[in-house]
1. Considering each residue of the stretch B:37-77, count those that are of a type outside the set (A, V, I, L, M), within 22 Å of A:PHE404 (Cα to Cα), more than 7 Å from chain A (Cβ to nearest Cβ) and touching a residue at least 12 places away in the same chain (Cβ under 8 Å), and give that number.
2. Quick check on my filter: what residues within the stretch B:377-397 are surrounded by fewer than 17 Cβ atoms within 10 Å (Cβ to Cβ) and within 14 Å of chain A (Cβ to nearest Cβ)?
3. Go through B:LEU329, B:LEU338, B:LEU304 for me and flag whichever is in contact with a Gly (Cβ under 6 Å, 6 or more places away or on another chain) and of a type outside the set (Gly, Ala, Ser).
4. Please enumerate the residues belonging to the stretch A:385-394 that are touching a strand residue (DSSP E or B) at 6+ places or on another chain (Cβ under 7 Å), in contact (Cβ under 8 Å) with a residue 24 or more places away in the chain and within 8 Å of chain B (Cβ to nearest Cβ).
5. From the set of residues in the stretch B:380-400 that are closer than 23 Å to B:ASP351 by Cα and not small (Gly, Ala, Ser), which is modelled with the lowest pLDDT?
6. Please find, among B:ALA237, B:ALA277, B:ALA297, the residue that is under 22 Å from B:GLN378 (Cβ atoms), not charged (D, E, K, R) and not in a strand (DSSP E or B).
7. Name the pairs: first residue in the stretch A:150-178 and free of Cβ contacts under 8 Å to residues at least 12 places away in the same chain and within 14 Å of chain B (Cβ to nearest Cβ), second residue surrounded by fewer than 19 Cβ atoms within 10 Å (Cβ to Cβ) and not in a helix (DSSP H, G or I), Cβ to Cβ under 6 Å, at least 6 apart or on different chains?
8. Looking at this structure, is A:ALA397 touching a strand residue (DSSP E or B) at 6+ places or on another chain (Cβ under 9 Å), away from chain B (no Cβ under 11 Å), within 22 Å of B:LEU65 (Cβ to Cβ) and modelled with pLDDT under 95?
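The values are calculated or read from the model by the stated rules, or taken from the named source; none is laboratory data. Quantities reported herein were computed from a predicted structural model and do not represent experimental measurements. Cβ placement follows ideal geometry from the backbone for every residue including glycine, while neighbour counts extend to all protein chains displayed.
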Amino acid sequence: MEGRWDRARVLALAADASSLRAAQPLASGRCWPLTGAAGGNAVWGECQGSAAAPYRTVVDLTGPAYQCSCPSRKFPCKHALALLLLWSDGAVAADGDPPGWAASWLASRSAKAAEPKPPADPAAALRRAEQREARVASGLAELDRWLCDQVREGLAASQRHGYRHWDDIAARMIDAQAPAVAERLRALAAVPHSGSGWDGRLLEEYALLRLLADAGRRQAGLAPALRATVRTQVGFTTRQADVLASATPVKDQWHVLARRDLDQDRIRTRRIWLRGRNTGRSALVLSFAALGQSLDDSLVIGTETDADLAFYPGAVPLRALVAARRDTYPQTYPQTPPGPAPAGTTVAGLQAGYAAALGEDPWLDTWPALLEATPASAPLPCLVDAAGDALPLHPGAGPCWPLFALSGGHPLTVAGEWTPRGLWPLTAWDQDGMVVPL
Amino acid sequence: MSSWHDLVTASLIGTERAVVPAVAIPGLPSVAEDARDPAAVLLDQAALLTAARRAGRPPDRAEPLPACEPDPRPAVNPAAGRRLARILDGEHAYLLAEWLAALARRGLRPPAESLPALLDRARRADPGLRSLVAEAGGPRASWLARLNPDWGFVIAPVLAGQDAWRLGDPAQRRSYLAGLRSRDPGAARELIAASWRGAARDRVMFLSVLADNLSLADEPLLENALADPADDIRVRAAYLLASLPGSALGERMVTRARGLLRLHQGIHGKRLVINPARRDGSMRQDGITLVSVVTQADRAHLILEVMARTPLRTWTGDFGLTPAEVVALPAGSWAPALLAGWSRAAVAQRDHDWMDALTRRALTGPPPGSGLEIHALQQLARRADPALGAPDAVPGSRRDTPAAIVLKFRYEMLKELDDDDAY
């Protein structure tokens, strides 16, 4: 049996501070006339709330995933959090069989995890795939005409356009089954109001979109890796099973460097950046949470994991799946201190790596940074390395005071995302090697 | 030869009106030879330059900031650092001052990454918390304050003497007044009397300075404050007078309290008996707001308000019992009002024997009966001896009560600061 989780690990699951606040008064045996747990696999309970019927809460600890009969749309809801807090305090007996309502949900989850569903009708699937290719092709042609129209008429009018201007063309890309293009277009509505230099940024985006439309048209002649990149940029997805089946797993001791959560259209995306100790490779593990799902908490910042990663195909393969893990799941974190700080590069080293990657994939606009540098303000916040080379911090990251406080004018190891607008700091290791998520 | 800037300018105007600038890119046909749509030509050139500019971005130049001087104090262990983050995040937020004071007693420093949140919190807080944060923050906080003017209070010049009083921020003015009170209490009283007609915020500060080393010489000032237009000032002054041995208000309260409550020696043992309540003319002035004494709830309110302002030694003295014995006396349906009143009195009079006795009773005796009692208990639990929150000090059936949760949090918080190995 695996051990109970530490309180901090439970708290880290909360979607926001308010759900934590709501959970704390419920984390008491008084509120839970019925609780139980099955080893390190599941916890369940009935919470007596204001309603007549108790809320029924189940947590599948292997996910973790949550199910609760309350109307909350947060995952985990306050009941699930409270139940886990109670369990982490040792107040839940760990020997029971789940009652029927919990057992059926847990069973449905393990069934779902166990059996991949075969495609129903290969011929129909092929037909649908061909239809999609045709739709995407005509959509990209339309996009190309639209982009040229923008440049012909001049971008100066963009500041007067409302969101509709980009939403309309984005909606047409959705119809053309090119969702990633649509997402890129929708994001453009904010660019004309993003401050000085907006015109250059808009032109960059239009130019890269035209390059994508052009590449999509000519994808048959592209090298397989670049073709995969183009298709991903358009919005074709690769199934996890296909990635696991086709990619040669990369075995390494992976350092979990940084984490960034983004909320978009009621979907939370978690990006975890890893670096292999022996291969030196960077990897990006994505997880998503929609309603009814929880974000992946199995990779803890600052720790190392002995794992096989399967990389998605692409000209610069970054995105990966954890195919297998050989270490024990860090249940006891943070009782055991994470390992030492990884070795960062200079600004020149970071830029050389990014330049080489851009040579393979011109659309790449998020690149893992691991820098040995000191925060400074000159006058805008930046990171400056020992050679005096500096990179700006991303304006969206705010003043980054915790990073400055941690540094005190001394060099740090900083992990983050390098983008054309600046570096978004995510994790720092202080002079004592202590890891701090920012 | 043209540059990115020219491409942007042309794209702003539009290729209908602007000529696509000639960008010489090795290996590509020059624009003049390109017969395609000028808009497409411009976008293709822009795509190339975008990739080239991103790949070849020259680094900025920047001077590092001056390094912060070292802080000789050891850092708290990570577990305590995480607890600070919880407190700053709003969990038992009122315990921040206690945590910081405990940190200072042990000569430790907080985690550097928490300093911005601590400084933000202190910026909006009272002078006491500000100085605790400034002390805990040490040289790193001063270093940060030079970067962010919002935190300037950490490095504000120390104003001496009269300047601190006339020109200083609230913290400096309070500190000047407290210093004067310890050197020359008479002069401090004169200064308060002369400055009394200022802002209500100042008067709150005056009362907080008077609360330390209260003496009968302060009584006229406090009696004067009982007539203040602000409710808050009147209530604070009344509580101070109640805790001042020999004050006229204290005597009035003792008379009222003795009229309300007596010890009955019956054949089944001792119990407390409540006499019928009466209103008297000076109640309002003494901070007791009362509409009537008709209903049970009105009477309970009166009992609570009177008990809250009556010196607690009245009961130990009159009954010849210890605080623990007094709080254990049966009082029937009046017990919640009595306990809530005594709890307020214990907090206001800073009487730790009573605080501990009341807390112990709450954790072991019958469960709290009313919202008022629960609230009073939570106030007690924030101040009572944290050892009462030790795992074996609270019976299992009570570990979920709000008071027990507060005590347990405080017990763990202080224990954790002493644990060098906690991670």
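1. 6
2. B:PRO391, B:PRO395, B:GLY396, B:SER397
3. So the residue among B:LEU329, B:LEU338, B:LEU304 that is in contact with a Gly (Cβ under 6 Å, 6 or more places away or on another chain) and of a type outside the set (Gly, Ala, Ser) is B:LEU304.
4. Correct list: A:ALA390, A:LEU391, A:PRO392.
5. B:VAL394
6. Within the list B:ALA237, B:ALA277, B:ALA297, the selection yields B:ALA297.
7. A:ARG152/B:GLU16
8. yes
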